[in-house]
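The values are calculated or read from the model by the stated rules, or taken from the named source; none is laboratory data. Computed from a predicted model, the values in this text were never measured in an experiment. Virtual Cβ from ideal backbone geometry, glycine too; neighbours counted across all protein chains shown. For the accessible areas, the whole protein counts, side chains as well, though only heavy atoms, and no ligand, DNA or RNA atoms are used. Shrake-Rupley method; radii C 1.70, N 1.55, O 1.52, S 1.80 Å.
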Amino acid sequence: MKYLPRIDESACAAHGDCVEIAPAVFALNDVAHVVGEGPPELIMEAAEACPSVAIVVIDEDSGEQVYP
Ligand code: SF4
């Protein structure tokens with residue numbers, strides 16, 4: 001199972017919670033960007049921690065959105 005995160009740049013408030021949780025997956029400049037891969041649990045943890053619900057998570061196998 002592989003989860004792909006996507007940033008909704010119009011929703012991202014650039015507070016950096018995702019980068020703190022998963023620095024190998026997210027980086028921050030004006031808004032957050034996806035810069036790497038990580039285990040599904042870590043990607044979900046970061047997505048659930050985002051105060052702006054700006055991280056959309058896609059299940060790569062099914063193509064379905066699993067969060068939010
Ligand atoms: S936690 Fe959410 S709002 Fe904060 S930088 Fe990451 S994507 Fe943007």
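Of everything listed in (1) open to solvent by 90 Å² or more (accessible area, probe 1.4 Å); (2) on the phi > 0 side of the Ramachandran plot, the single unmet condition for Gly16 is (1).
The residues in the range 8-41 that are outside any loop (DSSP other than H, G, I, E, B), among the aliphatic types (A, V, I, L, M), touching a strand residue (DSSP E or B) at 6+ places or on another chain (Cβ under 9 Å) and near the ligand (Cβ under 8 Å from one of its atoms) can be counted, and the count is 2. Taken over the range 1-57, the residue count meeting the criterion of being hydrophobic (A, V, I, L, M, F, W, C) and over 12 Å from Tyr67 (Cβ atoms) is 20. Report yes if some residue within the range 45-60 is on the phi > 0 side of the Ramachandran plot and either open to solvent by less than 60 Å² (accessible area, probe 1.4 Å) or modelled with pLDDT under 95 (or both); otherwise report no. There is no residue in the range 45-60 that is on the phi > 0 side of the Ramachandran plot and either open to solvent by less than 60 Å² (accessible area, probe 1.4 Å) or modelled with pLDDT under 95 (or both). Applying a threshold of 6 Å to beta carbon distances and a minimum spacing of six or more residues, or different chains, the list of pairs starting in the range 42-53 at a residue that is more than 10 Å from the ligand (Cβ to nearest atom) and ending at one that is open to solvent by less than 70 Å² (accessible area, probe 1.4 Å) and assigned to a loop (DSSP other than H, G, I, E, B) reads Leu42/Ala22.
Out of the residues in the range 19-44 meeting the condition of being closer than 16 Å to Tyr3 by Cβ and acidic (Asp, Glu), tell me which one is surrounded by the most Cβ atoms within 10 Å (Cβ to Cβ). Ranking the qualifying residues of the range 19-44, first place goes to Glu37.
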